[in-house]
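**Q** One structure, pasted below without further comment.
The values are calculated or read from the model by the stated rules, or taken from the named source; none is laboratory data. None of these values were measured; they are calculated from a predicted model. Note that each Cβ is placed from the backbone with ideal geometry, even for glycine, and that neighbours are counted across all protein chains shown. These area figures cover heavy atoms from the full protein model, side chains too; ligands, DNA and RNA do not enter into them. Shrake-Rupley method; radii C 1.70, N 1.55, O 1.52, S 1.80 Å.
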Amino acid sequence: MKRTGTLEVTATKREQKSILSDVYYEGAMKITRPVYLEEDVPTIYMIDIGGGYVDGDTYATTLHVEQGAHLAVTSQASAKIYKTPKTPVKQVTRITLEGNSVIEYVPDALIAYKNSRFQQETVVEMEPNSCLIYSDSMTPGWAEDGSYFKYDWIRSKLKIIQNGKLVVYDHLLLHPDGEMSGILQMDGYSHVGMFMIVHEQVNSEWIDRLYEELVQLNSPARFGLSALPVKGVIIRILANQTMVIEKLIKVAHSFSRKELFGREYAAWRKY
């Protein structure tokens, strides 16, 4: 089946610097030339040249980070899902992390408009001594009557595999109904976000310190941290504004970079 967009990227470490050793894209997906916000780490910006996802679109992204390499990945702008009257939009992302490699995968939010359906699946195969930094967030698009939750549904699955074994399986399904904003669902909030770190240094004491960093923001969002079955943590966020989620993710991302790599936060310079 012909895809709407395909992207394949391989990062390799050469001497003391990570580079893109292989890049392929076609259809409605492409990336910018790598930007070195740090001398040794390439940052790439994914671009949907179609301006948004529509009925039946299918996208496939493959990111391979080789031994000891470090790659930062974000998007140029938010992904927009428009009406899908017949077939939902499908996006599949596969990430492979070899030993001592790092990926920072922090795209902008997904915006789901009225009558849209979106299915996302991400599979990460990683060595136990590699590092995954991953975020995801979903927001409702504008509707004529000003109300939220006009999209049909959003489904997101994340699988993490180590040594051939499934160690993390995260499944989020947002299927609006009359109780969507109620307790045990969105609890009065409209936007949802997630930030995950998998790294061998992440333990309960590390998670406690990250929690204290986030609490100091006095954010209007509701959030919680949970330890993963492997060395890692996931942060769940509920809010009413995208920027509120982005601020929490930025603080968690900055804390992780400093604690795990001894690096300061690298501004992605989008605005």
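**Q** Tell me the carbon and sulfur percent of the accessible area for region 1-120, rounded to whole percent, probe radius 1.4 Å.
**A** Looking at region 1-120 in its full context, I get 46 percent from C and S.
**Q** Could you work out the Rg to Rh ratio of region 1-140, with Rh taken as the Kirkwood radius (inverse of the mean 1/r over all Cα pairs)?
**A** In region 1-140, Rg relative to Rh is 0.99.
**Q** Okay, next question. By average Cβ neighbour count within 10 Å, what is the ranking of 129-135, 229-235, 12-18 from highest down?
**A** Packing order, densest peptide first, comes out as 129-135, 229-235, 12-18.
**Q** Provide, as a two-decimal number, the C-alpha radius of gyration of region 1-46 over 2.2 N^0.38 Å, N being how many residues it has. Don't jump to the answer; show the numbers that get you there.
**A** On the way: Rg = 12.3 Å, N = 46, 2.2 N^0.38 = 9.4 Å.
This ratio for region 1-46 stands at 1.31.
**Q** Next up: Given contacts defined as C-alpha pairs under 8 Å and at least six residues apart, what's the relative contact order of the chain, whole-number percent?
**A** Value for the chain: 12 percent.
**Q** Can you tell me the length gained on complete extension of the stretch residue 23 to residue 217, counting 0.36 nm per residue apart and subtracting the Cα distance? If you can, show how the numbers build up before the last one.
**A** Details: separation 194, 0.36 × 194 = 69.84 nm, distance 3.90 nm.
Residue separation times 0.36 nm, minus the Cα-Cα distance, leaves 65.9 nm.
**Q** Calculate the all-directions average of the projected area of region 48-202's alpha-carbon convex hull, and give it in nm².
**A** 10.1
**Q** Provide the per-residue ³J(HN,Hα) series for region 15-25, in order, calculated from phi with Karplus coefficients 6.51, -1.76, 1.60 and θ = phi - 60°, each as a whole number of Hz, with x at glycine and proline positions.
**A** Running phi through 6.51 cos²θ - 1.76 cosθ + 1.60 with θ = phi - 60° gives 6, 9, 9, 8, 9, 8, 8, 8, 9, 9, 8 Hz.
**Q** Using the scaling law 2.2 N^0.38 Å as the reference, what is the normalised Cα Rg of the chain? If you can, show how the numbers build up before the last one.
**A** Working: Rg = 18.1 Å, N = 271, 2.2 N^0.38 = 18.5 Å.
Here the Cα radius of gyration is 0.98 times the empirical estimate.
**Q** Tell me, what is the 1.4 Å probe accessible area of residue 30, in Å² to the nearest 10?
**A** The accessible area comes out at roughly 70 Å².
**Q** Then there is this: Counting only helical runs of four or more DSSP H residues, what would the 222 nm mean residue ellipticity of the chain come to if each run contributes -39,500 (n - 2.57) and the total is spread over all its residues?
**A** Using -39500 (n - 2.57) per qualifying helix, the result is -4000 deg cm²/dmol.
**Q** I've got another one for you. Hey, how many Å between the Cα centroid of region 4-39 and the Cα centroid of region 57-107?
**A** Between the Cα centres of region 4-39 and region 57-107 lies a distance of 12 Å.
**Q** Counting pairwise Cα distances across region 18-91, what percent come out greater than 18 angstrom? Don't skip to the answer; put the middle values down first.
**A** Numbers: 1247 of 2701 pairs.
Within region 18-91, distances greater than 18 Å cover 46 percent of Cα pairs.
**Q** Over region 1-83, with the other protein chains present, what is the accessible area per residue in square angstrom, probe 1.4 angstrom?
**A** Heavy-atom SASA per residue in region 1-83 reads 50 Å².
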